[in-house]
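Asks: Dumping the structure here so I can ask a few things about it.
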Amino acid sequence: MEQVLRGLGEDPQRDGLLRTPQRAQKALEFLTSGYQADIRKIINGALFEVKHDEMVIVKDVEFYSLCEHHMLPFFGRMHVAYLPKDRVIGLSKIPRIIDAFARRLQVQERLTTQVAEAIQSAVEPHGVGVICEARHFCMMMRGVEKQGSSTVTSAMLGAFRTQQASRQEFLSLVRETSR
């Protein structure tokens, strides 16, 4: 970090920058702590046998991540749905799974798919749907500088991919009740 500061024309020894390399390292370690996350430990047995076969949706889960191309933040919301098959997952585990993958150097497309696949693998439902809406600083602060733009990605697995009715129900419930 000292070399980066020097490359920018700064003096790493000036008062405001003396501890910046250590603070930046600590911040990056936190922002990329998802590499150490173990999904099995996050779930920690919070799978419960329930006779419920209707859609479960956890909406508007806020997240932030770092773009792997520029190491600039992107942030937004995820909407996650699944169709249970004999068991459900503790609701707080879904945001924790999102954070585990978001706290890595990422691209939004991969992040969306990783969340869907992790829930599919852990819960083994009939299907999983994930919609991710995000704003990217690499598009807002540099490059095209379009502050109002956002990106939407989705991952549809199982019944959400093969059954149009399930996909449409998910999309309409997210649309109708979103903030």
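Asks: Is segment 127-169 rounded, prolate or oblate when judged by the Cα gyration tensor, a ≥ b ≥ c being the square roots of its eigenvalues, rounded requiring a/c under 1.5 and prolate requiring a/b larger than b/c? Walk me through the intermediate numbers first.
Replies: On the way: a/c = 5.14, a/b = 3.76, b/c = 1.37.
Judged from the Cα gyration tensor, segment 127-169 comes out prolate (a/c at least 1.5, a/b above b/c).
Asks: What are the lysines whose alpha-carbon lies under 16 Å from the alpha-carbon of K59, with same-chain residues fewer than 8 places away excluded?
Replies: Qualifying lysines at Cα under 16 Å: K93.
Asks: Would you mind pulling out the separation of the Cα centroids of segment 12-72 and segment 93-108, in Å?
Replies: So the separation of the two Cα centres works out to 5 Å.
Asks: Here is a further query. What is the packing order of peptides 126-139, 148-161, taking the mean over residues of other C-beta atoms within 10 Å and listing the highest first?
Replies: Numbers: 126-139: 21.8, 148-161: 16.8.
Order by mean packing, descending: 126-139, 148-161.
Asks: Among 25-31, 7-13, what's the highest-first ranking by average C-beta atoms within 10 angstrom per residue?
Replies: Working: 25-31: 11.9, 7-13: 10.1.
Descending mean neighbour count gives 25-31, 7-13.
Asks: Now, a different point. What does a probe at S92 reach in segment 21-37, counting residues whose amide N is under 19 Å from the point 7 Å along Cα→Cβ?
Replies: 37
Asks: For the chain, take the longest principal axis of its alpha carbons; what is the angle in degrees between that and the long axis of helix 108-123, to the nearest 10 within 0 to 90?
Replies: Taking the Cα atoms of the chain, the angle to 108-123 is about 40 degrees.
Asks: Right, next: Restricting to DSSP H runs of at least four residues, report the calculated mean residue ellipticity at 222 nm for the chain, -39500 (n - 2.57) per run over all residues, nearest 500 deg cm²/dmol.
Replies: When only DSSP H runs of four or more count, the value is -11000 deg cm²/dmol.
Asks: Still on this structure, I have one more. About its Cα centre, how strong a charge dipole does the chain have in debye, to the nearest 20, once Lys and Arg get +1 and Asp and Glu get -1 at the Cβ?
Replies: Numbers: 24 positive and 21 negative charges, 26 e Å.
With Lys and Arg at +1 and Asp and Glu at -1, about 120 debye.
Asks: For the chain, with a Gaussian network of springs between Cα atoms less than 10 Å apart, report the residue from R14, R40, R104 with the top mean-square fluctuation.
Replies: Residue with maximal mean-square fluctuation among R14, R40, R104: R14.
Asks: For segment 77-174, what does the relative contact order come out to in percent, with C-alpha contacts under 8 Å and a separation of six or more? Don't jump to the answer; show the numbers that get you there.
Replies: Numbers: 137 pairs, mean separation 30.4, N = 98.
That works out to 31 percent.
Asks: Rounded, prolate or oblate for segment 103-179? Axes are the square roots of the Cα gyration tensor eigenvalues, ordered a ≥ b ≥ c, and the cut-off for rounded is a/c under 1.5.
Replies: Working: a/c = 3.06, a/b = 1.65, b/c = 1.86.
Here segment 103-179 falls in the oblate category.
Asks: For the chain, find the longest principal axis of its Cα atoms and tell me its angle to the long axis of helix 93-102, 0 to 90°, nearest 10.
Replies: 40 degrees
Asks: At a threshold of 8 angstrom on Cα-Cα distance, excluding pairs fewer than six apart, so keeping six or more, what relative contact order does the chain reach in percent? Numbers along the way, then the final one.
Replies: Numbers: 307 pairs, mean separation 36.3, N = 179.
So the answer I get is 20 percent.
Asks: Same structure, new question: Could you give the angle, 0 to 90 degrees to the nearest 10, between helix 20-31's Cα long axis and the longest principal axis of the Cα atoms of the chain?
Replies: Once rounded, one gets 10 degrees.
The numbers here are math on the coordinates, done by the rules we state, and not lab data. Since this is a predicted model, take the numbers as computed values, not measurements. As a convention, Cβ positions derive from the backbone with ideal geometry for all residues, glycine included, and neighbour counts pool all protein chains shown.
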